[in-house]
Amino acid sequence: MKPHHKLKVWKKSRNFVKHIYELTSKLPDTEKFGLTSQMRRAAISIPSNIAEGAGRNNHKEFIHFLRISQGSIAELETQILIGQDLGHFKNTNIQALLDELDEISKMVIGLQKSLRKK
């Protein structure tokens, strides 16, 4: 089994990508190369960087990739809020998505702290 397959945060963030794809499928075609693309890339970046870091077999490098993942989380949160500000997500429970993203963020931070202790 690959090291990242054991991580709950990787599994959770990978599942979260599906939520973002569902959310962005509701965006107008005019956002196809804007918000839709940006949100999907940021969402995909989260589990991708967790996987890349875990695959490095070096705590310092893993922490570096977790920081990148954390940056993507902040980016995605901002993009969700901008989409909401623009009125694109009126019939969507944005708070539930933000809460789930916050939980992923806390898990990433917790993993970073754990790796620093080793």
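The values are calculated or read from the model by the stated rules, or taken from the named source; none is laboratory data. These numbers were taken from a predicted model, which means no experiment stands behind them. Cβ placement follows ideal geometry from the backbone for every residue including glycine, while neighbour counts extend to all protein chains displayed. Only protein heavy atoms, including side chains, enter the accessible area calculation; ligands, DNA and RNA are left aside. Shrake-Rupley method; radii C 1.70, N 1.55, O 1.52, S 1.80 Å.
All of (1) surrounded by fewer than 20 Cβ atoms within 10 Å (Cβ to Cβ); (2) farther than 21 Å from Leu98 by Cβ hold for Arg41 with one exception: (2). For region 42-74, filtering for residues that are touching a residue at least 12 places away in the same chain (Cβ under 8 Å) and of a type in the set (D, E, K, R) leaves 2.
Considering region 70-105, and only residues there that are surrounded by fewer than 12 Cβ atoms within 10 Å (Cβ to Cβ) and not aliphatic (A, V, I, L, M), the residue that is modelled with the lowest pLDDT turns out to be Asn91. Ser25 meets all of the listed conditions (1) open to solvent by 20 Å² or more (accessible area, probe 1.4 Å); (2) under 18 Å from Val108 (Cβ atoms); (3) polar (S, T, N, Q) but one, namely (2).
Kindly check whether there is at least one residue in region 46-60 that is surrounded by fewer than 14 Cβ atoms within 10 Å (Cβ to Cβ), at pLDDT below 95, among the polar types (S, T, N, Q) and in a loop (DSSP other than H, G, I, E, B). Yes, the conditions are met somewhere in region 46-60. The set of residues in region 12-22 being open to solvent by 70 Å² or more (accessible area, probe 1.4 Å), of a type outside the set (Lys, Arg) and within 14 Å of the chain's Cα centre (by Cα) consists of Tyr21 alone. Scoring His88 on the criteria (1) touching an Asp or Glu at 6+ places or on another chain (Cβ under 8 Å); (2) in a helix (DSSP H, G or I) leaves a single failure, condition (2).
Whenever a residue of region 95-117 is under 17 Å from Lys8 (Cβ atoms), its partners that are hydroxyl-bearing (Ser, Thr, Tyr), lying with C-beta atoms within less than 6 angstrom and at least six residues away or across chains, give the pairs Ile104/Ser13; Val108/Ser69.
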